[in-house]
1. Leaving ligands, DNA and RNA out of it, report the carbon-plus-sulfur percent of the accessible area of the chain at a 1.4 Å probe.
2. Over the chain, with the other protein chains present, what is the accessible area per residue in square angstrom, probe 1.4 angstrom?
3. For the chain, can you list the cysteines whose C-beta has no other cysteine C-beta under 4.7 Å from it?
4. Let me spell out the model: positive unit charges on the Cβ of Lys and Arg, negative unit charges on the Cβ of Asp and Glu, origin at the Cα centre of the chain. What dipole size does that give, in debye rounded to 20?
5. At a probe radius of 1.4 Å, what is the per-residue accessible area of T57, in Å² to the nearest 10?
6. Output wanted: per-residue J couplings in Hz (rounded whole) for region 100-115, from phi through Karplus 6.51 cos²θ - 1.76 cosθ + 1.60, θ = phi - 60°, x for Gly and Pro.
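The values are calculated or read from the model by the stated rules, or taken from the named source; none is laboratory data. Please read these numbers as outputs of a predicted model, since none were measured by experiment. As a convention, Cβ positions derive from the backbone with ideal geometry for all residues, glycine included, and neighbour counts pool all protein chains shown. The area values use the complete protein model at the heavy-atom level, side chains included, leaving out ligands, DNA and RNA. Shrake-Rupley method; radii C 1.70, N 1.55, O 1.52, S 1.80 Å.
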Amino acid sequence: QVQLVESGGGLVQAGGSLRLSCAASETLLSFDTMGWYRQAQGKQRVLVAKIFSSGSTNCRDSVKGRFTISRDNAKNTVFLQMTSLKPEDTAAYYCYVFAHGREYWGKGTLVTVSS
């Protein structure tokens, strides 16, 4: 059972930055895929960015050039660096891992961007 704990959310003005962290209960080296999803109020949960065991990454078009996903294997932590934040980035952000043949989710951290 993989446990994921997100942190780093909060209230920020448009144009500001936040860094989200996702601490995993075991080594990231055992994970096939890690990523961040977000869910705005009244909307479906959507992929923000993923990082694969190979180290390659992808992200949704609306955050390209602004958000960066990375990982620190020594700390068992995945990060989402968010810059140039916009009000439309407001959402609950969830850490995601695919490992041992199944999905694991964190409980989420709220990001609110004021205009």
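1. Carbon with sulfur: 47 percent of the solvent-accessible area.
2. About 53 Å² of surface per residue is accessible.
3. Here C59 come out as lacking a disulfide-compatible partner, given the Cβ-Cβ threshold of under 4.7 Å.
4. On the way: 13 positive and 8 negative charges, 39 e Å.
In debye, rounded to 20, the chain gives about 180.
5. That residue has around 80 Å² of solvent-accessible surface.
6. 6, x, 8, 8, 10, 10, x, 8, x, 9, 8, 10, 10, 10, 8, 8
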